[in-house]
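Please read the structure below before turning to the comments.
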Amino acid sequence: MHELSLCESIVSLVTESAGREGLRRVTRVTVDIGVASAIDPDALLFCFPIVTEDTPAAGAELAVNRIALQARCAACGADFSPESLISPCPACGSHDRSLRAGRDMRVVSFEGE
Ligand SMILES: [Zn+2]
């Protein structure tokens, strides 16, 4: 389950940043997860309390934003939200498009005190 190691990365990133900012504990962490990122948000939510145990982020809330796929067609320049990684451009039918969002996971923000 790669969500566990992913969760550990998130927690170490956040607790290090919180420490630098002089926060004693982290109360809330917000992450963006692309729908095509192959990360299961439920697994992440399940891992979070386990990974944060005995860290400054213990008891913190994890908020997950699902980020839809966003693509730009290389043929006609249209921006669109494909339903899947293999969906063609709805304007011209081209498959020559680049994904601009929806495949990544990132920590957006965290709160602490
Ligand atoms: Zn197009």
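The values are calculated or read from the model by the stated rules, or taken from the named source; none is laboratory data. It should be emphasised that the depicted structure is a prediction, and the values quoted were computed from it without experimental measurement. Here the Cβ positions follow ideal geometry from the backbone for every residue, glycine too, while neighbour counts run over all protein chains shown.
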Practice problem: Answer yes if at least one residue in segment 57-72 is within 14 Å of the chain's Cα centre (by Cα) and within 16 Å of the ligand (Cβ to nearest atom), and no otherwise. | Solution: yes
Quiz item: Out of Ala91, Ala58, Ala63, Ala71, which single residue is in a loop (DSSP other than H, G, I, E, B), touching a Lys or Arg at 6+ places or on another chain (Cβ under 9 Å) and either of a type in the set (Phe, Trp, Tyr) or free of Cβ contacts under 8 Å to residues at least 40 places away in the same chain (or both)?
Solution: Ala58
Self-check item: Unique residue being touching a residue at least 12 places away in the same chain (Cβ under 8 Å) and not in a helix (DSSP H, G or I) when the list is Ile10, Ile33
Solution: Ile33
Quiz item: If we scan segment 1-21, do we find a residue that is loosely packed, with under 15 Cβ neighbours inside 10 Å and in contact with a Pro (Cβ under 8 Å, 6 or more places away or on another chain)?
Solution: yes
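Condition check ((1) in contact with a helix residue (DSSP H, G or I) (Cβ under 9 Å, 6 or more places away or on another chain); (2) at pLDDT 95 or above; (3) at positive phi) across all residues:
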{"position": "Thr30", "(1), (2), (3)": "no, yes, no"}
{"position": "Ser37", "(1), (2), (3)": "no, no, no"}
{"position": "Leu44", "(1), (2), (3)": "yes, yes, no"}
{"position": "Pro49", "(1), (2), (3)": "no, yes, no"}
{"position": "Glu53", "(1), (2), (3)": "no, yes, no"}
{"position": "Ala57", "(1), (2), (3)": "yes, yes, no"}
{"position": "Arg66", "(1), (2), (3)": "yes, yes, no"}
{"position": "Arg72", "(1), (2), (3)": "no, yes, no"}
{"position": "Phe80", "(1), (2), (3)": "no, yes, no"}
Quiz item: When segment 24-36 is examined, which residues are found to be surrounded by fewer than 18 Cβ atoms within 10 Å (Cβ to Cβ) and not charged (D, E, K, R)?
Solution: Thr27, Thr30, Ala36
